[in-house]
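Participant: Please see the structure below; I have some questions.
The values are calculated or read from the model by the stated rules, or taken from the named source; none is laboratory data. Note that this is a predicted model, so its numbers are computed, not measured. Methodologically, a virtual Cβ is constructed for each residue, glycine included, from the backbone with ideal geometry; neighbour enumeration extends over all protein chains shown.
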């Protein structure tokens, strides 16, 4: 039987009376490969189980749909060939998933259970039950234990067993999964025993290497680990070596010296940032004296509204802090065009917050709206942005009126 995807002319779904392809199940993705018949070739990209059979999903790369349909109607013989390398890579990752599961249990405790997984040719993902983040030392122990089993070249075997007997033997099962009375059990030496219908290597040595990439939380009480095996693990290790070599070259340090070198550079950077902050404060103090000369009085409240030059928002904030300290009692609003974006910062001294009910957040919000923006913050200091730099000066000219309105 063949079905064509109505949205894609070259995409087909093909059902055979028997197949060597593995259909997606138990977290393992479906095989890739090729189905070749008289006058057509289908590149299989996915294989899924459906009611009544297994569907091979792919693209018609040679021939046409008519030739394919004719072959199906005539019950012609086809050659179904699995992408062997992709299957082998998936087998490595699937067996490694079992090793990872048992290593997690032995390191973290028997409460660890499988909550889900993904086994693909290029990577594996394993979700498990655990109440906290896994410590770095534990992750190293887990990775080392998996690699120990790989080096031990343990035999991997599978057999059929009654479900209850398999559970009594200690076979691990997927949480929430429904099983038939007769189940397939995969044994890895004396290390692991799990219910599983997937494909596996013949011995753990075929996995080659295991690289535990990450561990993170995805839900309450559920953690996710991701890993690579075989050539993928080798590539990842090679890439890390290349990164270390490049960093070492740039920093003129051997790989084992990089941590100390980077810490030294970070310390130097922190020192420079402190020096820059001090310089900003000094510049702010100089500009503040000029701003005070531009102050206007509204109902007994001193108001300063000034456009200033600032390279970034921290510089503008430092100027605003200096203005607030110098005002003694008053309201200040500074505006700047920073990288083509409007930034405003408003400050109000404590006496006016308590005695006159003025709030920096209300003031800066009213100013920013005139420049097509919005913002807010605390009563004594608030920040806002605007989308129209051309309205910056016009907005600052309205500060006095905004303060006067709020005083009413």
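Participant: Quick one: count up the residues across the stretch 64-104 that are part of a loop (DSSP other than H, G, I, E, B) and at pLDDT 95 or above.
Facilitator: Looking only at that region, the number is 1.
Participant: Taking only the stretch 297-324 into account, find how many residues are without any contact (Cβ under 8 Å) to a residue 24 or more places away in the chain and either surrounded by 21 or more Cβ atoms within 10 Å (Cβ to Cβ) or more than 21 Å from residue 362 (Cβ to Cβ) (or both).
Facilitator: Final tally of qualifying residues: 0.
Participant: If you don't mind, there's one more thing I want to ask. Please determine, by comparing only the residues of the stretch 314-338 that are touching a strand residue (DSSP E or B) at 6+ places or on another chain (Cβ under 7 Å) and closer than 12 Å to residue 277 by Cα, which one is modelled with the lowest pLDDT.
Facilitator: 319
Participant: Of the residues 113, 58, 53, only one is in the same structural domain as residue 203 (by TED's automatic domain parsing) and touching a residue at least 24 places away in the same chain (Cβ under 8 Å); which?
Facilitator: Only one candidate passes the filter, namely 113.
Participant: Could you check how many residues of the stretch 4-24 are part of a loop (DSSP other than H, G, I, E, B), in contact with a strand residue (DSSP E or B) (Cβ under 7 Å, 6 or more places away or on another chain) and modelled with pLDDT of 85 or more?
Facilitator: Looking only at that region, the number is 7.
Participant: Against the condition over 30 Å from residue 153 (Cβ atoms), assigned to a loop (DSSP other than H, G, I, E, B) and outside the structural domain of residue 123 (by TED's automatic domain parsing), how does residue 259 come out, does it pass?
Facilitator: Considered against the rule, which asks whether it is over 30 Å from residue 153 (Cβ atoms), assigned to a loop (DSSP other than H, G, I, E, B) and outside the structural domain of residue 123 (by TED's automatic domain parsing), residue 259 comes out as no.
Participant: Would you confirm, using the coordinates I've provided, whether residue 215 is in contact with a strand residue (DSSP E or B) (Cβ under 8 Å, 6 or more places away or on another chain) and either touching a residue at least 24 places away in the same chain (Cβ under 8 Å) or farther than 23 Å from residue 145 by Cα (or both)?
Facilitator: yes
Participant: Just to verify a result, which residue in the stretch 142-176, among those that are closer than 21 Å to residue 108 by Cβ and at pLDDT below 95, is surrounded by the most Cβ atoms within 10 Å (Cβ to Cβ)?
Facilitator: 172
Participant: Taking residue 180, is it more than 24 Å from the chain's Cα centre (by Cα) and in a strand (DSSP E or B)?
Facilitator: Against the criterion (more than 24 Å from the chain's Cα centre (by Cα) and in a strand (DSSP E or B)), residue 180 does not qualify.
Participant: Can you tell me which of (1) touching a helix residue (DSSP H, G or I) at 6+ places or on another chain (Cβ under 7 Å); (2) surrounded by 16 or more Cβ atoms within 10 Å (Cβ to Cβ) is the one residue 184 doesn't meet?
Facilitator: Just one mismatch for residue 184, condition (1).
Participant: Given the condition at pLDDT below 95, assigned to a strand (DSSP E or B), closer than 17 Å to residue 125 by Cβ and touching a helix residue (DSSP H, G or I) at 6+ places or on another chain (Cβ under 7 Å), answer yes or no: does some residue in the stretch 29-43 qualify?
Facilitator: There is no residue in the stretch 29-43 that is at pLDDT below 95, assigned to a strand (DSSP E or B), closer than 17 Å to residue 125 by Cβ and touching a helix residue (DSSP H, G or I) at 6+ places or on another chain (Cβ under 7 Å).
Participant: Could I ask something else about it? Exactly one of (1) more than 22 Å from residue 389 (Cβ to Cβ); (2) in the same structural domain as residue 392 (by TED's automatic domain parsing); (3) in a helix (DSSP H, G or I) is unmet by residue 276. Its number?
Facilitator: That leaves (2) as the condition not met.
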